[in-house]
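For reference, the structure is listed below as structure tokens.
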Amino acid sequence: MPFLNQPSARLLAVLLAGSALTGCAALGARGPMPTESDFATIRPGMTTEQLLGRFGRPTWVFGVRQENLAIWNYRYNRNDCFIYQVSVRPDGVVKDASQGWDPACDGRSRD
């Protein structure tokens, strides 16, 4: 391949290969998807930094006027309608956490 004998072409090939490997490493960096057992380790008093470090960003967040809470929702199984909900106070501290029903499934049967 005469093209790869040129220095700029070799540099481009090395950079592209490095980019591809970096992307693969980033995909596996978080490891396997957390399970219900993993989420059951969340305790009142944990901080949002601890949550983000352990579980990453929530699937979605919404606010609740009562106590001015933010509800962080994590989906841990893409094949059912259960989510894990974490109530976070305005100071960034977990109030409580538990499994919940995904409202997106309200149109489906719960059997």
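The values are calculated or read from the model by the stated rules, or taken from the named source; none is laboratory data. All values derive from a computational prediction rather than experimental measurement. Because the Cβ atoms are built from the backbone with ideal geometry, glycine has one as well, and the counts that use them run over all protein chains shown.
Could you name every one of the strands (runs of 3 or more DSSP E) located completely within the range 29-111 that has at least 1 residues being in contact with a helix residue (DSSP H, G or I) (Cβ under 7 Å, 6 or more places away or on another chain)?
Filter on the range 29-111 gives 69-74, 82-88, 94-101.
Kindly check whether there is at least one residue in the range 84-103 that is at pLDDT below 95 and among the aliphatic types (A, V, I, L, M).
The answer is no; no qualifying residue exists.
If you go through the range 72-95, how many residues are surrounded by fewer than 16 Cβ atoms within 10 Å (Cβ to Cβ) and β-branched (Val, Ile, Thr)?
The qualifying residues number 1.
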